[in-house]
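Report on the structure given below.
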Amino acid sequence: MADGRGVGVGDLDGDGRLDLVVANNNAPPSIYVNRLPPAGWVRLELLGRRSNRDAVGARVRLTIAGRTMTRWVEAGSGYAAQSAFPLHFGLGAARRLERLEIAWPSGLVEGLEGDALAARLSLGRAWRLEEGSLTPRDRRLAAVPASPAAGGGGH
Amino acid sequence: MRDAIPEAPATQPRRPAWRRWRRSGVVAAVLLAALAVAYHQLAARDRQHARFYQAGQSINGFLGEYCAALEAARQSGRVDPLLAFYHPAYHAPGRGREVWGESRRLAGAEVYPRRRSGTADAGLDELRRELSTYVGELAAIDRTSCKIDLIEALEPGASARLTVKRIVAGSDHRGRRLEDRLFSRWQLVAGADAAGWRIAADRLVEGVRVAAPAASLVAVDPRRLGIDYAHQRNPHVDMKAHRRELKFGVIQHAAGGVAVADYDGDGRPDLLFLDGRRSRLYRNLGPAGGLPRFADVTRDAGLDGIDRAHVGLFADFDNDGDRDLFVGRYLAPNQYWQNAGDGTFTEIGADLGLDLAVPTTAATLLDFDRDGDLDLYLAVNGNAFEAFPRLPFFAQNGEPNRLLRNDGDRFTDVTRASGTGDTGWGLATASGDYDGDGWPDLAVANDFGKKCLYRNNRDGTFTDVAKEAGVLDFGPGMGVAFGDYDGDGWADLYTANVNSNQRWFGEDETVAQYLRNVLRTRYALADAGEYWRVYRLIGSRWWQLGKQIGEGNSLFHNNGDGTFTEQRDSHAERAGWGWGVAFFDLDNDADVDLYAANGWISNTPGTDL
């Protein structure tokens with residue numbers, strides 16, 4: 001096995017499964033393409049307005065089938081490594097998002113649930129969410145789809 | 001008027017000179033005798049340690065040959081070469097038979113526990129049958145590793161009792177990928193030939209087999225993806241060129257950073273490899289033929305010639321809608337590459353006050369003051385030309401880590417004011433809100449030192465709470481990551497430590513020898529204060545440090561009250577020599593999995609990793 005150092009994660013081929021890049025010392029990198037059986041997923045890329053633009057530090061809670069997953073936007077962890085910014089949520093067999101809550105670094109906490117959420121975010125694709133766009137006053141901005149290229153597995 | 005000053009006592013008559021000399025002579029003689037005894041004791045302990053160490057080395061050699069014989073047995077279909085490692089009088093009372101238990105499914109893989117069946121004694125015949133069955137299951141062996149886990153008893157040249165860890169990776173006859181991890185307790189006796197050992201008895205402690213379909217996480221030759229890159233070491237810390245000047249040559253092995261980030265905003269993650277000679281940026285062109293495709297755009301992006309680099313982070317530091325790049329370099333000015341918005345970059349680190357030339361090894365971004373822009377925290381190692389890490393488990397003679405506050409047109413060094421200048425030999429850092437107060441905290445893993453957990457005090461300062469939080473972990477840290485592995489909403493902490501999976505390196509004998517060696521150096525006194533700090537941090541458990549250092553990766557469960565509990569039973573601990581680590585959902589099952597640079601460990605609801 002090669003001498004692995006930094007580990008970076010991202011969906012390199014846009015198929016909804018996270019791939020792995022391992023930087024090796026004094027050798028070519030190891031790249032692992034994920035071919036595990038497909039399952040549901042959704043990906044969120046947060047855009048800060050009052051918060052820093054990449055929303056580093058934001059906490060996102062997504063509830064499916066009665067379970068809540070928590071993820072944080074981060075930049076730089078592990079060993080000298082950065083993973084792709086968008087937060088990737090595997091959904092297993094769940095077909096419906098129940099609740100989404102975003103706590104932005106600015107302090108704003110906003111969210112959507114139930115039908116409103118289901119109407120905004122369909123599964124199996126990447127979405128860009130701008131800070132403040134989920135608040136009732138500004139809902140028309142909610143859940144702008146990422147550019148077609150970012151949709152990846154949405155095809 | 002105050003009391004009269006008491007009269008000074010009459011001076012004692014001086015003792016005759018010969019009496020004083022006699023007394024000094026006695027003291028000197030006693031001291032000399034004590035020194036002689038101490039020296040003798042030290043020398044005896046040295047010899048004892050040397051025997052221990054040599055025995056350990058010879059056992060490891062024996063294990064290496066055992067592994068090779070396993071492959072030979074698979075190829076020939078005969079287990080005789082393997083049986084030669086067992087004593088002719090092999091007898092394992094109450095050992096039972098080793099069998100695979102019922103499997104459970106895990107992330108597209110089958111996981112079989114290795115179990116002991118029955119409590120019958122076993123002799124060579126039973127062993128032959130069991131080994132034949134095991135070897136017969138393997139269609140191919142790709143990789144083996146047989147190492148000492150822990151030496152429990154040792155009589156050099158005569159016998160040893162130890163736990164051993166065997167890892168066998170290969171495939172079975174159904175084409176599935178296999179990885180077996182077997183821990184056993186072996187009783188060894190010295191063989192007829194002076195150097196050799198033989199297994200006199202053995203018993204399984206625990207074991208597991210992961211069998212995955214051939215197509216799961218598929219290693220693809222990077223060249224097939226358009227990535228013609230191989231990491232090159234920094235020539236400035238090349239041992240060959242600098243044999244005399246370099247005090248800490250290991251640093252050349254440390255580099256190997258990677259950034260996965262969409263630098264051009266097209267929604268596809270691009271790749272930046274940080275390099276000792278020439279870092280490289282690969283743009284993601286979108287998939288073709290079922291594989292991702294990349295093109296080298298280093299030159300087009302204006303990023304050609306970034307050498308001595310350890311870490312690179314893309315982020316929109318100036319909040320102008322595109323991602324800029326910070327590059328942390330080893331004893332060379334760090335760089336800030338501003339994105340012009342069209343995917344080209346210009347270096348303006350000096351203008352922003354980021355051109356610090358320190359041994360930067362890792363970095364993380366956080367908005368610690370929550371003013372809406374990203375600040376930068378650097379993990380800083382020691383200067384390999386001037387120093388080597390004193391006190392391997394508590395080295396404090398590295399250069400301070402740095403916290404650089406983004407003030408818009410400048411980055412201001414607020415290390416001192418914020419209290420984040422840990423002087424361990426920093427190798428990794430991560431930012432996360434472990435206490436859930438909305439203010440980002442910091443974790444630092446030091447090579448040759450304790451971990452730090454800096455709690456954000458919400459006023460621009462941090463407090464190292466590693467001890468109170470229960471994450472001190474003296475192991476040689478090489479990676480650190482936050483993530484909620486159990487879905488309770490709190491950020492857990494994973495640290496990867498160097499661990500050759502040989503806890504015996506850290507046994508009392510070895511630690512005692514280390515301390516004896518230290519006593520002989522001029523650093524004994526210089527470091528006395530550090531020993532005292534170690535003692536204050538961990539009290540009388542100090543003698544267990546060696547074992548802790550050797551134990552490897554640690555998964556700390558966040559208790560939600562500001563403290564963590566180390567998950568000792570987790571297989572994560574067993575993952576071995578680790579550098580990078582990442583929490584992410586590999587199999588889209590809604591649980592985060594944990595990947596350490598030496599293999600991935602899946603996570604399933606309701607169980608330990």
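Rule-based calculations on the coordinates, nothing more; no lab input. Treat the numbers as computed from the prediction; the structure is a model and nothing was measured. Cβ: placed from backbone, ideal geometry, glycine included. Neighbour counts: every protein chain shown.
Subtract the Cα-Cα distance of B:Ala28 and B:Asp407 from 0.36 nm times their separation in residues, and report this length gain in nm to one decimal.
130.0 nm
Sorting the segments B:76-87, B:359-370, A:11-22 by their residues' average number of neighbouring beta-carbon atoms within 10 angstrom, most packed first, yields B:359-370, A:11-22, B:76-87.
If I model region B:294-351 as equal point scatterers sitting on the Cα atoms and use the Debye formula, what is log10 I(q)/I(0) at q = 0.23, 0.27, 0.31 Å⁻¹? One equal scatterer on each Cα of region B:294-351 leads to -0.96, -1.23, -1.39.
Summarise the partner chain shielding of B:307-317 as one whole number: the mean count of Cβ atoms from other chains within 10 Å of each residue's Cβ.
Rounded to a whole number, the mean comes out at 4.
Per-peptide packing, taken as the mean over residues of other Cβ atoms within 10 Å, places B:340-350, B:310-320 in the sequence B:310-320, B:340-350 from highest down. Between B:Ser132 and B:Glu110, the contour length at 0.36 nm per residue exceeds the Cα-Cα span by 5.7 nm.
Can you tell me how much longer the chain between B:Ala158 and B:Asp351 gets when fully stretched, taken as 0.36 nm per residue apart minus their C-alpha distance, in nm with one decimal?
62.7 nm
In this label model, A:Val109 and B:Asp300 are separated by 4.5 nm, measuring between points 7 Å along each Cα→Cβ vector.
Averaged over peptide B:435-442, the number of partner chain Cβ atoms lying within 10 Å of each residue's Cβ comes to 2. Modelled this way, with points 7 Å down the Cα-to-C-beta line, the labels at B:Arg47 and B:Ala340 are 7.4 nm from one another. On the beta carbon distance between B:Ala38 and B:Arg278, with R0 = 51 Å, the FRET formula returns roughly 0.40. With the simple spin-label model, which puts each label point 7 Å out from Cα in the Cβ direction, the A:Arg95 to B:Val205 separation comes to 4.8 nm.
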